[in-house]
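Have a look at the structure below, then the notes.
The values are calculated or read from the model by the stated rules, or taken from the named source; none is laboratory data. Everything quoted here is computed from the prediction, not taken from an experiment. Cβ placement follows ideal geometry from the backbone for every residue including glycine, while neighbour counts extend to all protein chains displayed.
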Amino acid sequence: MKVVRGDLVKLALDGRFEVIIHGCNCQCAMGAGIAKAIKQAFPEAYDADKATAKGSRAKLGSLSTVTVERGDRKITIVNGYTQFHWRGSGVLVDYAALRSVMRQVKAMFPGSR
């Protein structure tokens, strides 16, 4: 795995990769962290999130996607449902859901950056 440091949104807009994958909660709330930055830069990703069932545990391990155009670039944003909610302390990620999301991403975007 190659580690790339920097601003994820800026790197995508600069053409470093075509797919952004980020973990979402199942509450249709993209209010903090990288989700908030994605929501601000790509409101279409938030629209895709809002089109899912708010508060549904069945979303864990699934994803929603949207492809956006910014200038001459096409970027696909993957909202991976890896945690049920954001409240409380401790580890909130559901690791089985994370594995499911990553398997789907691997199958859907072979060869993509």
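Just a few scattered comments:
- One residue from K54, K39, K10, K74 being of a type in the set (D, E, K, R) and under 11 Å from the mean Cα position of the chain (by Cα): K39
- Flag for A41 being within 16 Å of V105 (Cβ to Cβ), among the small types (G, A, S) and in contact with a helix residue (DSSP H, G or I) (Cβ under 7 Å, 6 or more places away or on another chain): no
- Residues of the stretch 1-56 satisfying the condition of being in contact with a Lys or Arg (Cβ under 7 Å, 6 or more places away or on another chain) and in a helix (DSSP H, G or I): L13, A45, Y46
- Any chance V19 is surrounded by 12 or more Cβ atoms within 10 Å (Cβ to Cβ) and touching a residue at least 40 places away in the same chain (Cβ under 8 Å): yes
- Filtered by the rule that a residue be out of contact with any Ser or Thr (no Cβ under 6 Å at 6 or more places or on another chain), surrounded by 15 or more Cβ atoms within 10 Å (Cβ to Cβ) and hydroxyl-bearing (S, T, Y), the stretch 68-113 gives T82, S100.
- Taking each residue of the stretch 42-65 that is at positive phi and looking for partners that are in a helix (DSSP H, G or I) and of a type in the set (S, T, Y) with beta-carbon atoms closer than 7 Å, six or more apart or interchain, yields G61/S100.
- Verdict on V4 being at pLDDT below 95 and exposed (fewer than 15 other Cβ atoms within 10 Å of the Cβ): yes
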